[in-house]
Amino acid sequence: NPKINDVLAGAEPFSGMHPEQLDRSSQGALEIMSKLEDSLLKITAMDAITLQPSAGSQGEFVGILMIRKFHNEKGNEKDHIIIPETAHGTNPASVVLGGYKTVKVSTDNRGRVNIDDLKLKVNSNTAGMMLTQPNTLGLYEDQILEITDLIHSVDGIMYMDGANLNALVGLCKPADMGFDIMHINLHKTFSTPHGGGGPGSGPIVVVEKLAPFLPVPRLYK
């Protein structure tokens, strides 16, 4: 990462803040957080956000827990999440940690999701699907609307792994493709310092129906 980002992250106004610092002496930092939230919502077309996860992997785990809570609240007895065989290894790990089974969907001869195989795997027990866009092979899933429609047809949640969001910014927005939730790897898209639990960050953005399940506290404007 550019050294200037490490310098800024370690600047005294940030690193010197205390976790129990009062709101009235934290307004500058809260303003920066608020502006960041607004920017991330704008580029993703999502409705609500949390900046809490301190790494993309943590964002994934929180996202899966939110999906689980969403279905539990609706009384949906769903037991698995579909993941492409091209997925990053953290995807199945997050799914299992979140209490779901993983179901693998194959790749077609173009290196994208095999739609025919996906149709065989989707059923009433499908809680959702995790998908990187563009995928880990660097290819855009150009049948994304068909994929998201298929998952939504069984009341499933479409989760976008934001690892490659830098390839979409300014071109298209995840919510417009039918995604309901995603985490953003800020160190990949905007070159913030990388480091889970330190200056790293894995914000989660969601559509309105998932907003009630975001972790608290949140910033309210």
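The values are calculated or read from the model by the stated rules, or taken from the named source; none is laboratory data. This one's a predicted model, so the numbers in the text were calculated from it and none came from an experiment. We place every Cβ from the backbone using ideal geometry, glycine too, and count neighbours over all the protein chains shown. Note: areas computed on protein heavy atoms with side chains; ligands, DNA, RNA excluded. Shrake-Rupley method; radii C 1.70, N 1.55, O 1.52, S 1.80 Å.
All of 75, 138 fail the test of being under 22 Å from residue 207 (Cβ atoms), free of Cβ contacts under 8 Å to residues at least 40 places away in the same chain, surrounded by fewer than 17 Cβ atoms within 10 Å (Cβ to Cβ) and not charged (D, E, K, R), apart from 75. Identification of helices (runs of 4 or more DSSP H) wholly contained in the range 79-187 with 3 or more residues that are closer than 27 Å to residue 51 by Cα yields 90-97, 144-152. For the range 29-42, the condition holds for at least one residue, the condition being that it is open to solvent by less than 70 Å² (accessible area, probe 1.4 Å), more than 17 Å from residue 215 (Cα to Cα) and at pLDDT below 90. Filtered by the rule that a residue be more than 17 Å from residue 203 (Cα to Cα) and surrounded by fewer than 20 Cβ atoms within 10 Å (Cβ to Cβ), the range 141-167 gives 142, 143, 145, 146, 149, 152, 153, 154, 155, 167. Filtered by the rule that a residue be surrounded by 18 or more Cβ atoms within 10 Å (Cβ to Cβ) and among the aliphatic types (A, V, I, L, M), the range 104-131 gives 105, 113, 118, 122, 127, 129, 130, 131. For the range 43-58, a tally of residues being modelled with pLDDT of 95 or more, assigned to a helix (DSSP H, G or I) and within 13 Å of the chain's Cα centre (by Cα) returns 1. Taken over the range 60-78, the residue count meeting the criterion of being assigned to a loop (DSSP other than H, G, I, E, B), at pLDDT below 95 and either under 19 Å from residue 148 (Cβ atoms) or of a type in the set (Lys, Arg) (or both) is 1. Restricting the first member to the range 28-42 and to residues that are over 18 Å from residue 170 (Cβ atoms) and part of a helix (DSSP H, G or I), and the second to residues that are of a type in the set (Ser, Thr, Tyr) and open to solvent by less than 60 Å² (accessible area, probe 1.4 Å), the beta-carbon pairs closer than 9 Å and six or more apart or on different chains are 37/50.
The requirement of being surrounded by fewer than 17 Cβ atoms within 10 Å (Cβ to Cβ), free of Cβ contacts under 8 Å to residues at least 60 places away in the same chain, β-branched (Val, Ile, Thr) and closer than 19 Å to residue 70 by Cα is fulfilled somewhere in the range 86-100, by at least one residue. Of the residues making up the range 11-28, just one is within 27 Å of the chain's Cα centre (by Cα), among the small types (Gly, Ala, Ser) and open to solvent by 50 Å² or more (accessible area, probe 1.4 Å), namely 15.
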